[in-house]
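A short worksheet on the structure shown next.
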Amino acid sequence: MRTIVITGGTDGLGRQLALRSLLNGERVLVIGRSTKKGEDLRNEAIKLDAEERFSFLSADLSLVSENIRIAEEVSQRVSRIDVLIFSAQSQKFSKVYLETKEGIEAHFALYYMSRFVLGLKFRNLLIKSAAPLIINICAPGVKGDIHWDDLQLTTQKTFNTIKAIMHGSRLNNLLGAAFAHNEGDTNIKYVLYNPGAVQTKGATEAFDHRFVQRMVKFMYGIIGQPVEKAVEPILHLIDQPPEESLTAYKQYRKLNRAKVIADMDQSGKLVHMTLDIMNRAQNGIFVGSTDQTHGKDV
């Protein structure tokens, strides 16, 4: 029986992966913000006669302090992690730049920073597994550059969450490269995974405008996959992990790593910059440009 930890496991792909893993006899720890959704998932685990193998841990993963706290809690519950799946993400569209109470841009914090911190903090539990695997559900293959002088897109003339998510995907690509480089002496495998268009509530209801929402639902009905089908390639990777330390996939198709991460030699630079943001957040030094949770329309 493997121990699988899933962030963002109460919705969409994460939720379906949790249920399928329980069905396959695995031990599953889900980390999410909503206790109600956590209890709903627990009820599903009960129906599968898997309650004793299921745990829900509540945490606001947009906060560095909460990631550190939850990593410590997990370490008290399990002796190893076999599979770590990052799927926590907000797809809600907005043109308003928002920061957490630690002063970090909200999407950067949840979509990138959380994955950096938990990958770092869970290292000791991962290396105790015979075949440790990290699956980072992001969007390898997204074109564009990293804004090295503005990682959180604080000073961009126009901001929206789509830009933040795309930039976060590029950061996650380089994060995978950094992890594989730094953990080259371990047997941890790191997979950057692009699920493509998936018919999740988060995706189809990302826009508040009703006409746009209807158009997105219509488009996803044509090009998107049902969640139940979309998790199949991920389950395949869990059962048959790649041999390389770092790989990238779009569904079942293996991507050219050099094309996905053009600036792989910059991975160390990103690690140092991220550690600086992490340390400043821990020390209560706001690292962004606005006061706590207040936002600005930029």
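General observations
- Here the contact order of region 1-140, divided by its residue count and restricted to Cα pairs under 8 Å and six or more residues apart, works out to 26 percent.
- Three-way shape call for the chain based on the alpha-carbon gyration tensor, with the a/c threshold at 1.5: rounded
- Cross-link partners for Lys95 among the lysines, with Cα-Cα distance under 18 Å and sequence neighbours closer than 8 places in the same chain left out: Lys157, Lys163, Lys296.
- Rounded FRET efficiency, nearest 0.05, which uses the C-beta distance separating Asn43 from Lys101 and R0 of 41 Å: 0.80
- Electrostatic bookkeeping for Ala130 treats Lys and Arg as +1 and Asp and Glu as -1; over the other residues with beta carbon under 11 Å from its beta carbon, the sum is +2.
- All aspartates and glutamates inside 16 Å of Lys250 as judged from Cα atoms, apart from same-chain residues fewer than 8 positions distant: Glu232
- Length gained on full extension, Gln266 to Lys157: 36.7 nm, using 0.36 nm per residue less the C-alpha separation.
- Relative contact order of the chain, pairs being alpha-carbon contacts under 8 Å that are 6 or more residues apart, as %: 22
- Cβ crowding within 10 Å averaged over residues, with 248-254, 23-29 ranked highest first: 23-29, 248-254
- Packing here is the average count of other Cβ atoms within 10 Å per residue, and on that basis the peptides 231-238, 43-50, highest first, run 231-238, 43-50.
- Taking Cβ atoms as reference points and 10 Å as the exclusive limit, the residues near Gly144 contribute a net charge of +2, counting Lys and Arg as +1 and Asp and Glu as -1.
Bear in mind that the values in this text are calculations on the coordinates, not laboratory data. The shown structure was predicted, so the numbers you read here are calculated from the model rather than taken from an experiment. FYI the Cβ positions are ideal-geometry reconstructions off the backbone, even for glycines, and counts take in every protein chain you see.
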